[in-house]
Amino acid sequence: MEEKEISQTVVGRLPRYFRYLGELKDEGIERVSSQELSDIMQVTASQIRQDLNNFGGFGQQGYGYNVGFLYDEIGKILGLHKEHNLIIVGAGHLGQALVNYTNFERRGFLFRGIFDRDAQVCGRKIRGILVRPMEEMEVFVRENNIDIAVLAIPKTGAVEVAEQLVDCGIKGIWNFAHVDLRVPEQIQVENVHLSDSLMKLSYNLSSRENEG
C-alpha cells in the first residue's frame, strides 16, 4: 500500500504537540481532550483531530487522548525513539551555543564532532568535544555513522561544505547559513534563517502599531 504523504504544515505542528504533551505528562495529567489541547496550543480542536488522524487518530470518543501514550507515539513519528549522531561545522558563537544546549541530548541528538577552518580554534574542546580541522570531516562522518550535519557558518563556503557532506553520505543538514542549499532529493535539509524570523516579528509589530 502506498504510504500517505503528510503535509509539511502538519509535520511542523508535531513538535509543538510533543512539547505541550510533555509538559502535561510532567504535571501528572493522564488524559486530555482535543478541546483542552486547543486551549493550550491555540490550534482549533478540529485541526488537532485532523492532524492526529493522519497518523491513526490515537483518541477515544468520550475519553480524549492518553497523554503518555500520545506523547510516546508522536515521539516515534518524529524519530525521537532512536539516537541521531551529529556534527557541527563552525565553532563560532552559534556553534558553541548549540553544542552547549543540553536539551538536544535529551531528545536523542548527540553531538559527536565539531569542525572549523580556523587553525587557532582547532584542538580546543567545547563541552568535552574536540574541534577538528575541516580536512578531517569526511573521514569522521564516514567512520562515526553521522546522520546530521549542522552548518553554523557564514554564507560564504556553505555550499561547498554541503557538497562535501553529501559526498560522504550525510542524510540531513540543519542549515543556519544564510543560503538555501540545493542538494540531492534524498538529503533532508532544514533551513533556519534567524534574520527572516526577526523580520517576520518586525512586520507583526509594525502591523499592530498601524492598527493602533
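The values are calculated or read from the model by the stated rules, or taken from the named source; none is laboratory data. The model shown is predicted, which means the values in this text are computed figures rather than measured ones. Don't worry about glycine lacking a Cβ; one is built from the backbone with ideal geometry, like all the others, and counts go over all protein chains shown. Heads up: the accessible areas ignore ligands, DNA and RNA and are worked out on the full protein's heavy atoms, side chains in. Shrake-Rupley method; radii C 1.70, N 1.55, O 1.52, S 1.80 Å.
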For the condition more than 30 Å from ALA158 (Cβ to Cβ) and either aliphatic (A, V, I, L, M) or surrounded by fewer than 16 Cβ atoms within 10 Å (Cβ to Cβ) (or both), what is the one hit in VAL43, VAL99, VAL89?
VAL43
Looking only at the stretch 167-204, how many residues end up being over 25 Å from GLN96 (Cβ atoms) and open to solvent by less than 100 Å² (accessible area, probe 1.4 Å)?
6
Can you list the helices (runs of 4 or more DSSP H) lying wholly within the stretch 1-112 that have 3 or more residues being closer than 30 Å to GLY123 by Cβ and free of Cβ contacts under 8 Å to residues at least 24 places away in the same chain?
103-106
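Condition test on LYS200, is it among the basic types (Lys, Arg), assigned to a loop (DSSP other than H, G, I, E, B) and more than 28 Å from GLY75 (Cβ to Cβ)? Walk me through it before giving the result.
Details: among the basic types (Lys, Arg): yes; assigned to a loop (DSSP other than H, G, I, E, B): no; more than 28 Å from GLY75 (Cβ to Cβ): yes.
Against the criterion (among the basic types (Lys, Arg), assigned to a loop (DSSP other than H, G, I, E, B) and more than 28 Å from GLY75 (Cβ to Cβ)), LYS200 does not qualify.
So in the stretch 68-86, with the set limited to residues that are among the hydrophobic types (A, V, I, L, M, F, W, C) and either within 21 Å of ASN144 (Cα to Cα) or buried (at least 20 other Cβ atoms within 10 Å of the Cβ) (or both), which one is farthest from the chain's Cα centre (by Cα)? Walk me through how you get there before you give the answer.
Keep residues of the stretch 68-86 that are among the hydrophobic types (A, V, I, L, M, F, W, C), which gives 69-70, 74, 77-78, 80, 86.
Keeping just the survivors that are either within 21 Å of ASN144 (Cα to Cα) or buried (at least 20 other Cβ atoms within 10 Å of the Cβ) (or both) gives 70, 74, 80, 86.
Values: LEU70: 20, ILE74: 14, LEU80: 11, LEU86: 12 Å.
Result: LEU70.
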Candidate set from the stretch 127-166 (those that are part of a strand (DSSP E or B) and open to solvent by 20 Å² or more (accessible area, probe 1.4 Å)); member that is farthest from LEU98 (Cα to Cα):
PRO133
